[in-house]
1. With the crude spin-label approximation of a point 7 Å out along Cα→Cβ, what separation in nm comes out for Gln317 versus Glu297?
2. Starting from 0.36 nm per residue, how many nanometres of slack lie between Arg35 and Thr261 once their C-alpha separation is accounted for?
3. Please work out the Kirkwood hydrodynamic radius for the stretch 240-332, using every pair of different C-alpha atoms, and report it in angstroms with one decimal place.
4. Using a 1.4 angstrom probe, figure out how much accessible area the chain has per residue, in square angstrom, rounded to the nearest whole.
5. Rank Gln141, Trp344, Leu124 by how far each Cα sits towards the positive end of the charge dipole of the chain (+1 on Lys, Arg Cβ; -1 on Asp, Glu Cβ) and give me just the farthest.
6. What is the distance, in nm, between label points placed 7 Å from the Cα along the Cα-to-Cβ direction at Ala135 and at Glu343?
7. Give, as ranges by residue number, the residues of the stretch 281-309 whose backbone N falls under 16 Å from the point 7 Å along Cα→Cβ of Lys107.
8. Using only Cα atoms and rounding to the nearest 10 degrees, what angle (0 to 90) does helix 61-74 make with the longest principal axis of the chain?
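The values are calculated or read from the model by the stated rules, or taken from the named source; none is laboratory data. These figures come from a predicted structure and were not determined experimentally. A quick note on method: Cβ atoms are made from the backbone with ideal geometry, for glycine too, and the neighbour counts reach across all protein chains shown. Accessible surface is based on the protein model in full, side chains and every heavy atom, while ligands, DNA and RNA are left aside. Shrake-Rupley method; radii C 1.70, N 1.55, O 1.52, S 1.80 Å.
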Amino acid sequence: MRFRHACIESLTTVLPEESWTSAQIEEKLRPVYERLKLPEGRLELMTGIKARRMWASGTRPSDASAAAGRAVLRQSIFKPDQIEAFIHCAVSRDMLEPATASFAHHKIGLGPRAQVFDLSHACLGFLNGLVTLGAMIDAGQIRCGMVVAGENGRPLVEQTLQQLLNPALNRNDIKPFFANLTIGSGAVAAIVCHEDLLPAGPKHRLLAGAALAATRHSELCQGDTASGGLQMQTDSEQLLLAGVQVALETWKLFEQETGWTRETPDRFICHQVGSTHRRKLYETVGLDLNRDFSTFETLGNTGSAALPTALALAVEQGAVKGGDKVALLGIGSGINSLMLAVEW
């Protein structure tokens, strides 16, 4: 896939104030740790995640998405009624119907002539949203759009803690739930527009990308609603092995589509899962880990918001600068991978 005119005009993230450390989560699970003789500190040791953020109880995904949407408008040259397409791309949704985008659109105060819809694709949703807006802009359907992702991991983590306290569970029983404890909350938004709408000077261009589906692995990570929350079970070991292999094959397509090599990007931003996943991914694909920018240590895995939040923070902290070539390495359960080339 290639883009001709699409640029990221603005990008920002909004994070919850409440922080849950891995040590605090393990303290809640003390009866389980003592009964099964699990060593303290294993959660942080195995994942590299020291903490994750959580929205206050009762926060809806549309509240989080709206907060990010309002924040991105504050730094944008565009007004609310100039947004012609609005896409909510999180795993988290307020309900099945109507689209969570409808609630967030109203809370942000966007205009009535915007196309409004949800686009849900596990942890790849936000990148798919960028691709969709880029394609709509290149096709001449719109000139400016907004993509948001408001992820609320609190219900999943709270429900998982309750499940793990069941005294009937053994070590094998708890393994599929371990990945749930890495989940955090966050929100991110971007405005994508036609290059002609931007002032003269450097622009943050969407250049090209590649995607690959390996849906034979769909059963390795599955989540669904349960008791008002989200229940998820993951075969973490097999998901890691299959995921990095899919990433390697996607990278080969990415090189063909973009003309980039492993040495081209100034910065890599990958989906934020944990230290083991990051190390295995970079080793397998043969990428320079020193050019990675990570946030999982303090934010955990925030689903579809994870990668764009890392990009937003990298820009904010000066790790991504004007003119840098950035490779966005997305991967999500399914298994699907999407990698995008951006010139910042």
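1. The modelled label-to-label distance comes out at 0.7 nm.
2. Full-extension gain reported as 76.3 nm.
3. Evaluated on the stretch 240-332, it is 13.4 Å.
4. I get 42 Å² per residue for the chain.
5. Farthest towards the positive pole: Trp344.
6. Output for this residue pair reads 2.4 nm.
7. Backbone N within reach: 305.
8. The angle comes out near 40 degrees.
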